[in-house]
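A short worksheet on the structure shown next.
Derivation of every value follows stated rules applied to the coordinates shown; laboratory data play no part. Here the structure is a predicted model, which means the values were calculated and not measured. Don't worry about glycine lacking a Cβ; one is built from the backbone with ideal geometry, like all the others, and counts go over all protein chains shown.
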Amino acid sequence: AIQLTQSPSSLSASVGDRVTITCRASQGITRALAWYQQKPGKPPKLLLCDASTLENGVPSRFSGSGSGTDFTLTITSLQPEDFATYYCQHFNDYPLTFGGGTRVDIK
Amino acid sequence: QVQLQESGPGLVKPSETLSLTCTVSGLSINSAYYWGWFRQTPGKGLEWVGSFYRGGITHYNASLQSRVIISGDTSTNQFSLKLNSVTAADTAVFYCARKCQRSGAFDIWGQGTMVIVS
C-alpha cells in the first residue's frame with residue numbers, strides 16, 4: 001500500500017499567515033491526490049482533487065501543487081474558519097490511503 | 001442536492017457483526033458513481049474500508065477484506081457495510097461517501113456515525 005506522510009503534524013499560525021502543508025507519497029502517484037479539511041465532529045470536506053484542481057465553492061486562497069511523490073497544500077492568507085485538520089488522500093490505486101493529518105491551530 | 005446519512009447500532013459486542021446503512025437522497029446509487037465507506041479513529045486516522053459500484057462491483061481494503069462486505073439495495077437507495085468478527089480495534093466513526101466521477105476523491109460525505117465495540 002502507498003503510504004502518505006504529511007508534515008508537519010501540527011502547526012500554529014495567525015490569521016493572515018501563509019501556511020504550507022506537505023504530503024509525500026512512498027511511491028509515484030502522478031497527480032492522483034486529493035486534499036481535505038476536517039473540523040471537529042464533522043466529516044472531511046474535499047478541497048482539491050488531482051493535486052491542484054479546486055473543488056467548486058472552495059476559496060481561492062487554497063491551492064495545491066506537486067506530482068509524483070511530493071505535494072503541497074498552501075493557504076495564502078489564513079482565515080478564522082481555516083483552523084482545522086487537513087488530510088491528503090491518494091487515488092493512484094487500491095487501497096486508497098490518507099496521510100496522518102496536519103492540525104492547524106491558532107497561535 | 002445529494003445527501004448521505006449513515007445509520008446503525010452504536011454499540012456492537014466483540015465477535016459480532018457490525019452493520020451500517022448509508023441512505024442516499026438526491027441521486028440513485030445505480031448511477032455512475034462509486035460509493036465508499038471509511039472509518040476514523042484517533043489512533044489510525046482516516047481509513048478507507050471499501051467501495052461499491054452499481055452491479056455489485058466492490059473493492060475492499062485488503063486489511064479488512066476477509067471480514068467486510070459492501071452491498072447496495074436499489075429499491076431503498078441504500079448501500080450497506082457489514083464487518084464481522086469485530087474487536088475493540090474496530091471502534092471508530094464510520095462515514096459513507098460518494099466518489100467524484102472525474103477522480104478518485106470523495107466529494108460528498110455523510111455526517112458519520114460512532115460505533116463502539118464493547
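What the table shows:
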quantity	calculated
Debye intensity ratio I(q)/I(0), log10, chain A, q values 0.12, 0.19, 0.21, 0.22 Å⁻¹ (C-alpha model)	-0.35, -0.88, -1.08, -1.18
Per-residue average of Cβ from other chains inside 10 Å of B:42-50	4
Over 25 Å [Cα-Cα, the protein assembly as shown], rounded percent	39 percent
Where labels lie 7 Å past Cα in the beta-carbon direction, separation of B:T17 and B:S85 in nm	1.4 nm
Shielding by partners - mean other protein chain Cβ count within 10 Å, residues of A:83-92	2
Formal net charge of residues neighbouring B:G72 (Cβ-Cβ distance under 15 Å; K, R +1; D, E -1)	+2
Which of A:Y87, A:G68, A:S9, positive extreme of dipole for chain A (C-beta unit charges)	A:S9
16 Å cut-off, amide nitrogen to a point 7 angstrom out along A:R24 Cα→Cβ, residues in segment A:59-81	A:66-73
Relative intensity, log₁₀ I(q)/I(0), of chain B from a Debye sum that treats every alpha carbon as a point, q = 0.19, 0.22, 0.23 Å⁻¹	-0.97, -1.29, -1.40
Per residue, the convex hull volume that the Cα atoms of segment B:32-88 enclose (Å³)	96 Å³
Förster radius 25 Å - calculated FRET efficiency between A:N92 and A:N56 (Cβ-Cβ, nearest 0.05)	0.60
Modelled label reach - B:D73, point 7 Å along Cα→Cβ, segment B:1-24 residues with backbone N closer than 16 Å	B:5-9, B:18-24
Mean Cβ count within 10 Å, highest first, over the residues of peptides B:33-41, B:57-65, A:56-64	B:33-41, B:57-65, A:56-64
For the protein assembly as shown, size of Cβ-based charge dipole, Lys and Arg +1, Asp and Glu -1, in debye	40 debye
Any cysteine of the protein assembly as shown lacking a neighbouring Cys Cβ under 4.7 Å - listed by number	A:C49, B:C100
Charge tally in the Cβ shell below 13 Å around B:K82, where Lys, Arg are +1 and Asp, Glu are -1, B:K82 excluded	-2
Length released on extending from A:S65 to A:E81, taking residue separation times 0.36 nm less the Cα-Cα span	3.5 nm
Equivalent ellipsoid, segment A:49-105 (semi-axes from 5 times Cα gyration tensor eigenvalues, Å)	21, 14, 10
Packing-based exposure ordering (other Cβ within 10 Å, fewest first) of A:C49, A:C23	A:C49, A:C23
For segment A:1-53: relative contact order, % (alpha-carbon pairs under 8 angstrom, 6 or more apart)	29 percent
